[in-house]
1. Could you say whether any residue in segment 11-32 is at pLDDT 95 or above, more than 15 Å from the chain's Cα centre (by Cα) and among the hydroxyl-bearing types (S, T, Y)?
2. If G171 satisfies every condition in (1) in a helix (DSSP H, G or I); (2) more than 30 Å from D35 (Cα to Cα) but one, which is the exception?
3. Has segment 137-147 got any residue that is out of contact with any Ser or Thr (no Cβ under 6 Å at 6 or more places or on another chain), without any contact (Cβ under 8 Å) to a residue 24 or more places away in the chain, not in a helix (DSSP H, G or I) and not polar (S, T, N, Q)?
4. Determine whether E46 is outside the structural domain of S165 (by TED's automatic domain parsing), assigned to a helix (DSSP H, G or I), within 30 Å of Q23 (Cβ to Cβ) and under 25 Å from the mean Cα position of the chain (by Cα).
5. Only residues that are over 27 Å from the mean Cα position of the chain (by Cα) and crowded, with 18+ Cβ neighbours inside 10 Å: list them for segment 54-75, please.
6. Since K120 meets every condition but one in (1) outside the structural domain of A49 (by TED's automatic domain parsing); (2) within 23 Å of K47 (Cβ to Cβ); (3) out of contact with any helix residue (DSSP H, G or I) (no Cβ under 7 Å at 6 or more places or on another chain); (4) modelled with pLDDT of 90 or more, which condition does it not meet?
7. Looking at segment 79-91, can you tell me whether even one residue there is of a type outside the set (A, V, I, L, M, F, W, C), over 24 Å from R178 (Cα atoms), in the same structural domain as G171 (by TED's automatic domain parsing) and out of contact with any helix residue (DSSP H, G or I) (no Cβ under 7 Å at 6 or more places or on another chain)?
8. Given the structure, is A185 modelled with pLDDT of 95 or more, within 30 Å of D44 (Cα to Cα), out of contact with any Phe, Trp or Tyr (no Cβ under 8 Å at 6 or more places or on another chain) and small (G, A, S)?
Amino acid sequence: MRSAKMFVLPAILALVLAACASQKEPAEQAVAKADSALAEFRADAEKYAADELKDVDSAVGNLKNNLARKDYGAVVMGAPSVSASIATLKETVNQRKADAEQMMAAAQTEWTDLSANVPKAVESLQARVDQLAKSKKFPKGMDKAGFDAAKTDFENIKNSWTQASAEFAEGKMAEAVRKARVIKAQAEELATKLEAKMS
């Protein structure tokens, strides 16, 4: 009986080792595949889905830890779930990237219109301000203090437009468009005040 056990135990150990060895290669391939799949879109994931990427990185990290501990069975068992998480993350990133590109395209179109019209409005306002300053005759309901305030508003409009143009040049398209919308409205409002009939 004792001698039989002596033969059985090494045989079981050999089977366990063989089973582990047979899972080593699939485990290594699973980790390599996960790493490779994530690397393909990591840059976009960092930009469009940073929080979700942290979760997936953590899951991949667990696989690597199990591989380092030679727990190949745990790697093989956990790999499908990690693979599914990576696939879901990729879909999320692709959708958010597409949405962002669509928003940027719309912003670009709007900026093209604004960048054509706002400078014209500023130029027109400049001519009107210069004219009123020279004639010293102000629009109805506006006195010298009111005109000085209007000139200050005009300078603010010019400065804001310079800032919006700089933001657009830096790639901050959405911010530039939002600012330009406000500038356009302010310019139109000021033009209405300055174009009123003379008092």
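The values are calculated or read from the model by the stated rules, or taken from the named source; none is laboratory data. Keep in mind that what you see is a predicted model, and the values were worked out from it rather than measured. All Cβ positions, glycine included, derive from the backbone under ideal geometry; neighbour counts span all protein chains shown.
1. No, segment 11-32 has no match at all.
2. (1)
3. Yes, some residue in segment 137-147 is out of contact with any Ser or Thr (no Cβ under 6 Å at 6 or more places or on another chain), without any contact (Cβ under 8 Å) to a residue 24 or more places away in the chain, not in a helix (DSSP H, G or I) and not polar (S, T, N, Q).
4. no
5. L63, N66, L67, Y72, V75
6. (2)
7. Looking through segment 79-91, none of the residues is of a type outside the set (A, V, I, L, M, F, W, C), over 24 Å from R178 (Cα atoms), in the same structural domain as G171 (by TED's automatic domain parsing) and out of contact with any helix residue (DSSP H, G or I) (no Cβ under 7 Å at 6 or more places or on another chain).
8. no
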